[in-house]
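A short worksheet on the structure shown next.
The values are calculated or read from the model by the stated rules, or taken from the named source; none is laboratory data. Since this is a predicted model, take the numbers as computed values, not measurements. Glycine gets a Cβ as well: all are built from the backbone with ideal geometry, and neighbour counts include every protein chain shown.
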Amino acid sequence: MVDLKKISENSNYKSETQELINIANLAYKHWETYWTGFNSTYVCEEILKDFENLNDFKFFVYGGFSSSQRSRIACFREDNIIEEELLKSNFPAQGIQINGNFLFDNPTQDDFRSLLIENGLIKKKIGDIWTIGDRGAQGIIDNLDIDYLNEKIFYLRDVKVKINLVDIDQLQIPTGRLKKLVNTVEASTRLDAIASAGFRISRTKINERIENGMLKLNGSKVNKPTINLKIGDKLELENKGFIEILNLEITKRERWKVKLLRK
């Protein structure tokens, strides 16, 4: 069995790490493949670094398509190898279409995600959600206990929407976000300043997201925009991806040259 205390002691993602340890124990005991819930793909990759020395297990990160921003981790015994294509074909998820006529007031990904949560889905059951213009959204969700959603009518912003469950291969898969280097010069290394530059969002909107608990620093929610960041720090903004601080350098004019990697 996996020793939870040793692995999670220094983890920045303790609840996610514990979930993976729990399914690893099940995989070891029952000789079957088990999946975590949905998390950020980046977080999945980060927590797996703590499992690199566990020779008894194999892991696979997948969210329904190659460029997914939210994924699940499959765990199986090292002596019970599962082919990648079989893992993908047995991926425990379902496609979803949310159809409505929004004209010129298009909802955001957050709006559609909130609609699903308000109607019974927890966050870990929801993978990627993407909008399709003024016609609604599509996405990927867990495939268990969701039949009640199929062909049901709900309201979002007073607009009637209909939800349909479909196969994932029927979805219009969005183009993936590419990694991008961002170079900027800031007056300080404050959290709000660097997050604003890295995510290309105004300082006011970044502070609103911090107040609403939507920004994480090294895996933990923060509520102080004045925190000074350092090289290696990683920021996650809900539905906007991640930025990692690669370099900080003070200039002769006492400003900061900041190099970021956006994922």
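Summary table below
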| read-out | value |
| --- | --- |
| Selection status of I153, over 21 Å from the mean Cα position of the chain (by Cα), closer than 28 Å to G139 by Cβ and not basic (K, R) | yes |
| Among the residues listed as V222, V159, V166, the single one being modelled with pLDDT under 95, of a type outside the set (S, T, Y), closer than 24 Å to S114 by Cα and not assigned by TED's automatic domain parsing to the domain that holds V258 | V159 |
| Lone unmet requirement of (1) within 12 Å of V185 (Cα to Cα); (2) assigned to a loop (DSSP other than H, G, I, E, B) for K259 | (2) |
| Elements of type strands (runs of 3 or more DSSP E) contained in region 28-123, each with 3 or more residues being within 13 Å of the chain's Cα centre (by Cα) and buried (at least 20 other Cβ atoms within 10 Å of the Cβ) | 70-77 |
| Residues (of a type in the set (A, V, I, L, M) and either in contact with an Asp or Glu (Cβ under 7 Å, 6 or more places away or on another chain) or free of Cβ contacts under 8 Å to residues at least 12 places away in the same chain (or both)) located in region 123-162 | I140, I153, L156 |
| Selection status of L217, touching a residue at least 12 places away in the same chain (Cβ under 8 Å), surrounded by 11 or more Cβ atoms within 10 Å (Cβ to Cβ) and hydrophobic (A, V, I, L, M, F, W, C) | yes |
| Pairs with Cβ under 7 Å, 6+ apart, first in region 8-26 and closer than 13 Å to C44 by Cβ, second among the β-branched types (V, I, T) and outside any helix (DSSP H, G or I) | E19/T36; L20/T36; L20/I73; I23/T36 |
| Total residues in region 124-148, condition of a type in the set (S, T, N, Q) and in a strand (DSSP E or B) | 2 |
